[in-house]
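As structure tokens, the structure follows; a few thoughts come after it.
The values are calculated or read from the model by the stated rules, or taken from the named source; none is laboratory data. Note that the coordinates shown come from a computational prediction; the quantities given were computed from them, not determined experimentally. Neighbour counts run over all protein chains shown; Cβ positions are idealised from the backbone, glycine included.
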């Protein structure tokens with residue numbers, strides 16, 4: 001027991017010694033005014049970024065709301081696609097058990113080819129959107145707001161095209177469900 005108490009006291013003495021050395025070292029250096037000014041400048045720079053972001057949001061408020069509406073629609077379409085794919089799994093398993101004829105299989109292959117074309121178009125549109133977004137960001141960064149507004153409208157039209165392609169995919173999945181349901 002005595003050894004434990006002695007070890008604790010020694011640990012406290014060492015910790016106090018380290019604290020004293022650090023405090024005396026800081027007192028010798030003194031406070032550096034230039035580092036304090038630099039710290040304040042860094043803090044102000046951070047608030048400038050926040051203000052710039054808020055100015056951007058105010059400038060493009062309508063476009064942001066339209067983009068969010070398109071995003072909601074796109075997510076609903078994705079949800080429908082997942083539900084229809086789930087339904088297709090069940091119908092495919094039932095058709096396989098029945099041993100349906102080759103005519104349905106050939107019809108399904110045709111629809112799958114159409115879906116593949118839609119998927120390729122969607123991939124191309126997504127690549128184009130990435131390029132357009134990068135261009136939009138450059139325009140905003142360079143404070144070319146008129147061109148940025150045009151770019152934002154073009155991005156919205158690309159978003160509408162994506163949603164139309166997704167709706168086409170939903171329609172094609174519906175067609176596949178009808179073929180398997182017969």
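So here's what we get for this one:
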| item | result |
| --- | --- |
| Among the residues listed as 129, 133, the single one being within 18 Å of residue 75 (Cβ to Cβ) and part of a helix (DSSP H, G or I) | 129 |
| Among the candidates 141, 102, 113, 109, residue that is free of Cβ contacts under 8 Å to residues at least 12 places away in the same chain, within 21 Å of the chain's Cα centre (by Cα) and exposed (fewer than 13 other Cβ atoms within 10 Å of the Cβ) | 141 |
| Check on residue 180, under 24 Å from residue 62 (Cβ atoms) and out of contact with any strand residue (DSSP E or B) (no Cβ under 8 Å at 6 or more places or on another chain) | no |
| The one condition in (1) assigned to a helix (DSSP H, G or I); (2) under 25 Å from the mean Cα position of the chain (by Cα) that residue 171 fails to fulfil | (2) |
| Residue check for residue 38: in contact with a helix residue (DSSP H, G or I) (Cβ under 9 Å, 6 or more places away or on another chain), within 30 Å of residue 138 (Cβ to Cβ), at pLDDT below 90 and in a helix (DSSP H, G or I) | no |
